[in-house]
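Coordinate-derived values only; no laboratory data. In this text, all values refer to a predicted model and were calculated from it rather than measured experimentally. Here Cβ is always computed from backbone atoms with ideal geometry, including for glycine, and neighbour counts include all displayed protein chains.
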Amino acid sequence: MLVTRRTQMSKKKEPHLNPEQESTENTAPQEATETSAENVVDSAESDTIAESPESIQAALEAEVAALQDQLLRNQAELQNFKRRMTEERIRDRVLANVELVRALLTPLDDFERGLLSEADNEQVKPHLKGFAMIRNSIIEVLKSQGLEEVEARDRPFDPKVHQAVATEKQPDIEPGKVTEVYQKGYLFKDRLIRPAMVKVSE
């Protein structure tokens, strides 16, 4: 009985596959391989498109343009810095000269007052000529450096350059004119360093 069953089991046939099923099973691995290969090709083509010569050139041109723009900005900043430094040095020199010139005005005023007060003294007249020459030489040197005397006498009063310290009524003079100068005013390089002290008609 056992022999018969074993014989029957041994005689059982393996499941039979029709040609279509065999074809499907045989082609499935091949299709998977082809699909994988196509994906690799597509990925490679995508990378090639992303790194095409045109895109690389465009990226390089953009980078060059950015660098050129930054270079121009740096050059402009450098020029502005140099200009500011030059202007500051000039301003510092001018300010230093202004203080020096302003300090010299008081001795010049003393020279002028001394020359006027002793003009009638015959004994000192020869010395006054020498003092006048020294004063005039100093004035000429200062004028060559930018000193200008403020015009005042017989001029309309200008509060920008004149300082009224007295007024007077004169029928033959129109109001608002400078009739007398007590102390000369000066400009240095077009900058007022001392206003003229004047008397003004009412």
Cross-link list LYS143/LYS169; LYS129/LYS184; LYS143/LYS177; LYS143/LYS199: which exceed 31 angstrom alpha carbon to alpha carbon? LYS143/LYS169
If I model segment 123-202 as equal point scatterers sitting on the Cα atoms and use the Debye formula, what is log10 I(q)/I(0) at q = 0.13 Å⁻¹? -0.52
Sum of side-chain charges, ASN80 neighbourhood, beta-carbon under 14 Å (Lys, Arg +1; Asp, Glu -1): +1
Dipole in debye (nearest 20) - segment 63-145, about Cα centre, beta carbon charges: Lys, Arg +1; Asp, Glu -1: 180
If you take the beta carbon distance between ARG91 and LYS160 as r and set R0 to 25 Å, what does 1/(1 + (r/R0)^6) give as a FRET efficiency, to the nearest 0.05? 0.70
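Which of SER144, SER201 has the fewest other C-beta atoms within 10 Å, and how do the rest follow up to the most?
Working: SER144 8, SER201 18.
In increasing order of surrounding Cβ atoms, one gets SER144, SER201.
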Can you check what the net charge comes to around ILE173, using other residues whose Cβ is under 15 Å from the Cβ of ILE173 (Lys, Arg +1; Asp, Glu -1)? -1
Express in nm, to one decimal, how much length is gained between ARG113 and GLU174 on full extension, taking 0.36 nm for each residue of separation and deducting their alpha carbon distance. 19.0 nm
Using the Karplus equation 6.51 cos²θ - 1.76 cosθ + 1.60 (θ = phi - 60°), what ³J(HN,Hα) coupling, rounded to whole Hz, does each residue of segment 187-200 give in order, writing x for Gly and Pro? 10, 10, 6, 6, 10, 5, 10, 7, x, 7, 8, 9, 9, 10
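Please give me the summed charge of the neighbours of PRO195: other residues whose Cβ is under 11 Å from its Cβ, Lys and Arg +1, Asp and Glu -1.
With Lys, Arg at +1 and Asp, Glu at -1, the net is +2.
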Once phi is turned into ³J(HN,Hα) by the Karplus curve 6.51 cos²θ - 1.76 cosθ + 1.60 with θ = phi - 60°, what whole-Hz value does each residue of segment 176-184 show in order, with x for glycine and proline? x, 9, 7, 9, 7, 10, 8, 8, 5
Amide H to amide H under 5 Å from LEU147: which residues, 5+ apart in sequence or cross-chain, H placed 1.01 Å off N in plane? LYS189
